[in-house]
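Remarks on the structure that follows.
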Amino acid sequence: MAQDFAAHLAAAVRARRGALRLSQQDLADMAGVSERFVRFVEQGKPSLRLDTLLALLDTLGVELQLATRTSAAARALAAQPLAAQPLVTQPPPAVPPSAAPLEGNGPSAGEGQP
């Protein structure tokens, strides 16, 4: 799956760079990355720094989106019960007197009462 994504990303970056008529060096200079990094992206290298990749995509005007998809693995995960660790709940913190509404900011005496 990572190879499919890397190949798809590589093709999209190459196509967009070509449409903008930029060389790899031009794109690298504009994005503040090395030409080597641009080459890695366009070759489909599966391990890249995300922040650097996002800078490159931003320069190209390309947005990376995440989406949930249904697959056998996702359905299997969804069917599993939550982790066996106990859920820890904490009582709400006490409201310090300084956080209480100031006089005149809350409901007036008699408001809301029958």
Gain on full stretching of the segment that runs from A78 to L48 - 0.36 nm per residue minus C-alpha separation: 7.9 nm
Rounded percent of accessible protein surface that carbon and sulfur make up, segment 1-87, 1.4 Å probe: 56 percent
Gain in span if fully extended, L66 to D29, counting 0.36 nm per residue against the direct Cα distance: 10.6 nm
Peptide ranges 60-69, 15-24 listed from the most packed, as the mean C-beta count within 10 angstrom indicates: 15-24, 60-69
A10 paired with D58, simple spin-label distance in nm, labels 7 Å along Cα-to-beta-carbon: 2.6 nm
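The values are calculated or read from the model by the stated rules, or taken from the named source; none is laboratory data. Please read all numbers here as calculations on a predicted model, not as lab measurements. Note that each Cβ is placed from the backbone with ideal geometry, even for glycine, and that neighbours are counted across all protein chains shown. To get the accessible areas, we keep the full protein, side chains included, count just its heavy atoms, and leave off ligands, DNA and RNA. Shrake-Rupley method; radii C 1.70, N 1.55, O 1.52, S 1.80 Å.
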